[in-house]
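No value in this document is a laboratory result; all are computed from the given coordinates. What you are looking at is a predicted structure, and each value in this text was computed from that prediction instead of being measured. Glycine also receives a Cβ, built like all others from the backbone with ideal geometry; neighbour counts cover every protein chain displayed.
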Amino acid sequence: MRKVAIVGVGLTKFGESWHRGFREMITEAGIRALADANMPGSDIDALYGGTMAAGRLIGQEHITALIADSMGLNPIPATRVEAACASGSVAMRAGYMAVASGIHDQVVVGGVEKMTDVSTGEVTSALGGAGDQEWELFMGATFPSLYALMARRHMHDYGTTEEQMAHAAVKNHYNAARNKYAQYQKEITLDTVMKSKVISSPLKMFDCSPITDGAAAAVLVPLEKARKYTDTPIEIVASAQASDTLSLHSRESLTRLNAAIEASKKAYGQAKLKPSDIDVAEVHDCFTIAELIAIEDLGFCKKGEGGKMTEQGETALNSKISVNTSGGLKGCGHPVGATGVKQIAEIVWQLRGEAEKRQVKKADIGLTHNVGGSGATCVVHILKRGD
Ligand SMILES: CC(C)(COP(=O)(O)OP(=O)(O)OC[C@H]1O[C@@H](n2cnc3c(N)ncnc32)[C@H](O)[C@@H]1OP(=O)(O)O)[C@@H](O)C(=O)NCCC(=O)NCCS
């Protein structure tokens, strides 16, 4: 296995994008990543792209052929992967494996979703495809309601409160207000969250990630070649993925994600690191309860203490561990297929010292945690500054 480095990243501004379509967004992110890597498109050997529901949301399949064409990269192989909201990270891992194995040298990875061209109802139904169609969606469950079940059980088992969950949203909006790519560049108060409309009790509007358009891209090369392109290569020191049951009711516990626990254990093992070594993490806060569960599953605190840790400010910028400095899915937005690659871009900027107003003071090692559906897929990457 070869060591792999990230030498370029690019994002579009997340939000409601009326002036740019799917093609323009992913092409813009891809070209920004190539420019960031000082790399001509002619150097790229392969492309991996993640999108969850382009067929349902914009009627477009065969998206990686579209991207390669639009970016002028033909005839390189262009491969789509899909793993619901973890599509971007699974694409990242596919690109990582292609470079690590020696099959390809220079690889571009992209993630993209155009969600705002249809109604909230249509988006909810398309996102529902990440769950179990027969046992969950057909019975009326939606993603907010599945995560609401997890929240209720967490409150029951560990005494977690709605206010503790709300603290995650307040923190993530604070960070998003310092991120020019974020959908919501505004700070909010606890009161804003607590008084927002109920979506699926106990989750309110400000406990939910929004519906978002956006794209993200990254360029990977073997570490030994990275300095040809950049002075600040970021090494991928772990790339791990795990799976769990598609439906929530088949699980032993509603308050942990086994796939996240398994993927993080593997990742810490690959990197020879422990949770306390992580300085900055982008975790999958599709709903506030998901962030509380994520920090427990990743070992940043004991089981059941995610609410307390969040309320005490230990996940805020430059605290014990800076979590979701980009604003997370809540503040930065959640264009589902793009999210995993955006998390990688944020960690790359943090480790390079380029995160501007949200820069973490000591950012040597970063982690991303990206979940598909209610936890049937989880991917964890650990990055550090390349030597
Ligand atoms: C919460 C949700 C249902 C709200 O949708 P909606 O009721 O149709 O809201 P609208 O689109 O009408 O937006 C109304 C206002 O609230 C804002 N808003 C919408 N969702 C928001 C959110 N999650 N957080 C903060 N503000 C939000 C909009 O920007 C808009 O503001 P404006 O009036 O200033 O323009 C929707 O954001 C949602 O479904 N989120 C979850 C997405 C999801 O499940 N993702 C996958 C996770 S696994």
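Kindly put Thr64, Thr245, Thr325 in sequence by how many other C-beta atoms sit within 10 Å of each C-beta, fewest to most.
On the way: Thr64 22, Thr245 16, Thr325 29.
By the 10 Å Cβ count, ascending: Thr245, Thr64, Thr325.
Using a simple charge model, +1 on the beta-carbon of Lys and Arg, -1 on the beta-carbon of Asp and Glu, nothing else, what dipole does region 79-214 show about its Cα centre, in debye to the nearest 20?
Values: 12 positive and 15 negative charges, 86 e Å.
Its charge dipole is roughly 420 debye.
Can you give the angle from 0 to 90° between the axis of helix 162-176 and the longest principal axis of the chain, with both taken from C-alpha atoms, to the nearest 10?
So the helix axis and the longest Cα principal axis differ by about 30 degrees.
Out of His154, His334, His369, any idea which swings most in a Gaussian network model of the chain, alpha carbons joined below 10 Å?
In this elastic network of the chain, the residue with the biggest mean-square fluctuation among His154, His334, His369 is His154.
Given Cβ point charges of +1 (Lys, Arg) and -1 (Asp, Glu) and nothing else, what value in debye, to the nearest 20, does the dipole of region 14-94 about its Cα centre take?
Working: 6 positive and 9 negative charges, 36 e Å.
That gives a dipole near 180 debye.
Using only the Cα atoms of region 220-280, build the gyration tensor, take square roots of its eigenvalues as a ≥ b ≥ c, and label the shape rounded, prolate or oblate: rounded if a/c is under 1.5, else prolate if a/b is larger than b/c, else oblate.
Since a/c reaches 1.5 and a/b is larger than b/c, the shape of region 220-280 is classed as prolate.
Need one number: % antiparallel among DSSP beta bridges in the chain, to the nearest 5. It would help to have the intermediate numbers written out before the result.
Numbers: 38 of 53 bridges.
Around 70 percent of the beta bridges assigned by DSSP in the chain are antiparallel ones.
In debye, nearest 20, what is the charge dipole magnitude of the chain about its Cα centre with +1 on Lys and Arg Cβ and -1 on Asp and Glu Cβ, if you could check?
Details: 41 positive and 44 negative charges, 156 e Å.
That gives the chain a dipole magnitude of about 740 debye.
Provide, as a two-decimal number, the C-alpha radius of gyration of the chain over 2.2 N^0.38 Å, N being how many residues it has.
So the Cα radius of gyration is 0.89 times the expected 2.2 N^0.38 Å.
Arranged from highest to lowest average of other beta-carbon atoms within 10 Å per residue, in what order do the peptides 338-349, 117-128, 170-181, 303-314 appear?
Working: 338-349: 29.7, 117-128: 16.0, 170-181: 22.0, 303-314: 19.3.
Going from most to least packed, we get 338-349, 170-181, 303-314, 117-128.
Under 22 Å Cα to Cα from Lys225, which lysines show up? Leave out anything in the same chain fewer than 8 places away.
Lys3, Lys384
Ser119 to Lys186: FRET efficiency via 1/(1 + (r/R0)^6), r the Cβ-Cβ distance, R0 22 Å, to the nearest 0.05? Display every interim value, and only then the final one.
Details: r = 24 Å, r/R0 = 1.11.
Working from the Cβ atoms, E equals 0.35.
Please compute the Kirkwood hydrodynamic radius of region 1-135 from all pairs of different C-alpha atoms, in Å with one decimal.
On the way: mean 1/r = 0.0646 Å⁻¹.
Computed over region 1-135, the radius equals 15.5 Å.
If the reach is capped at under 21 angstrom between alpha carbons, list the lysines near Lys180, excluding any in the same chain fewer than eight residues apart.
Within the straight-line cut-off, Lys180 pairs with Lys13, Lys114, Lys171, Lys330, Lys342, Lys357, Lys361.
Roughly what angle does helix 87-101 make with the longest principal axis of the chain, taking Cα atoms, 0 to 90 degrees, to the nearest 10?
With both axes taken from Cα atoms, the answer is about 40 degrees.
Assuming a ≥ b ≥ c are the square roots of the Cα gyration tensor eigenvalues, decide whether region 44-99 counts as rounded (a/c under 1.5), prolate (otherwise, with a/b larger than b/c) or oblate.
Details: a/c = 3.09, a/b = 1.14, b/c = 2.70.
Judged from the Cα gyration tensor, region 44-99 comes out oblate (a/c at least 1.5, b/c at or above a/b).
Once R0 is set to 22 Å, what does the formula 1/(1 + (r/R0)^6) return for the Cβ-Cβ distance between Asp231 and Glu356, expressed as a FRET efficiency to the nearest 0.05?
Values: r = 19 Å, r/R0 = 0.85.
The formula returns an efficiency of 0.70 here.
Connecting C-alpha atoms closer than 10 Å in a GNM of the chain, tell me which of Met165, Met92, Met205 has the biggest fluctuation.
Evaluated over the chain, the most mobile residue of the options is Met205.
Tilt of helix 258-271 relative to the longest C-alpha principal axis of the chain, in degrees (0 to 90, nearest 10)?
40
What residue among Gly41, Gly59, Gly372 shows peak mean-square fluctuation when the chain is described by a Gaussian network model with Cα springs under 10 Å?
Gly59
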